[in-house]
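Please read the structure below before turning to the comments.
The values are calculated or read from the model by the stated rules, or taken from the named source; none is laboratory data. Quick caveat, the model's predicted, so the values are computed rather than measured. Here the Cβ positions follow ideal geometry from the backbone for every residue, glycine too, while neighbour counts run over all protein chains shown. Side chains are part of the model used for accessible areas, which takes the heavy atoms of the whole protein and leaves out ligands, DNA and RNA. Shrake-Rupley method; radii C 1.70, N 1.55, O 1.52, S 1.80 Å.
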Amino acid sequence: QGHIVVQRNGTGKLYIYVDDVFHIGGDSNINVTSKDKDGPLGDPKHAFVYYAGTSDNILWLPFNLRIAATIHIKEAQIHIANGTGIVGNIISGGGKIKLDGGTNTDVKAIYAPNARVELSGGAGIKGIIVCDSFRMEGGATVEYKPLDDEYKDMFENAIGKTEYTYGNWQ
């Protein structure tokens with residue numbers, strides 16, 4: 001039940017680098033703007049989490065976490081579950097991203113060109129998803145929202161590394 005409060009008065013940004021083991025317990029927050037654990041989340045452009053876990057690792061984000069950040073994953077799998085909400089972006093070189101258990105994720109983008117993305121159990125995503133394969137079942141929803149111009153710069157380096165054309169699919 002930890003809370004990372006970002007009180008931003010200037011132009012600084014929060015960077016969290018995790019080399020090996022990344023464990024975050026339930027009911028925790030990253031990039032909230034006050035000491036109130038249910039307070040407003042900060043701007044996801046001001047917080048970045050980098051996880052260098054290998055393909056054998058699973059980054060598990062369980063039990064009602066609230067995160068406003070861009071999350072970069074080198075190779076690890078990601079499992080977002082049980083009411084966790086992420087506002088921001090997920091950029092992954094890993095092979096699997098799973099969202100379930102009522103997860104509510106308002107991403108600008110999930111950019112995971114090598115991954116299988118699976119949504120189930122009432123998981124909801126707003127934003128765009130770029131992945132290798134996709135499966136959705138069990139009351140899951142996806143609401144397409146185009147990538148804002150302010151976020152396109154963030155993906156400039158990643159997009160150049162794979163076959164991908166930004167467009168509008170309806």
Using a cut-off of under 11 Å, list every residue of segment 30-46 whose amide N is near the label point 7 Å from the Cα of ASN64 along the Cα-to-beta-carbon line. 38
Which ³J(HN,Hα) values, rounded to whole Hz and listed in residue order, are derived for segment 45-51 from phi using the Karplus coefficients 6.51, -1.76 and 1.60 in 6.51 cos²θ - 1.76 cosθ + 1.60 with θ = phi - 60°, glycine and proline given as x? 6, 10, 9, 9, 10, 10, 10
Rounded, prolate or oblate: which one fits the chain, using the alpha carbon gyration tensor with axes a ≥ b ≥ c (rounded when a/c is under 1.5, else prolate when a/b beats b/c, else oblate)? rounded
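Give, as a single signed number, the net charge of other residues whose beta carbon lies under 10 Å from the beta carbon of GLU137, with Lys and Arg counted +1 and Asp and Glu -1.
Details: positive: ARG135; negative: ASP100, GLU118.
Result for the neighbourhood of GLU137: -1.
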Given axes a ≥ b ≥ c from the Cα gyration tensor, I'd like to know whether segment 51-132 is rounded (a/c under 1.5), prolate (a/b larger than b/c) or oblate. rounded
Rounded percent of accessible protein surface that carbon and sulfur make up, the chain, 1.4 Å probe: 47
My understanding is that a pair violates if its Cα-Cα distance is over 20 Å; which of LYS45/LYS126; LYS74/LYS126; LYS74/LYS98 do that in this structure? LYS74/LYS126
Using a simple spin-label model with points 7 Å from Cα along the Cα→Cβ vector, what separation in nm is obtained for THR54 and ILE16? 2.4
Pick from PHE63, PHE48, PHE134: which is most flexible by mean-square fluctuation in a GNM of the chain where alpha carbon atoms under 10 Å apart are linked? PHE134
Residue-normalised accessible area of segment 1-159, expressed per residue, 1.4 Å probe, Å²: 48
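Where a ≥ b ≥ c are the square roots of the eigenvalues of the C-alpha gyration tensor, would you call segment 1-75 rounded, which needs a/c under 1.5, or, failing that, prolate if a/b is larger than b/c, or oblate?
Because a/c hits 1.5 or more and a/b fails to exceed b/c, segment 1-75 counts as oblate.
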If the label point sits 7 Å along Cα→Cβ of ASN114, residues of segment 46-60 with amide N under 13 Å come out as 52-57
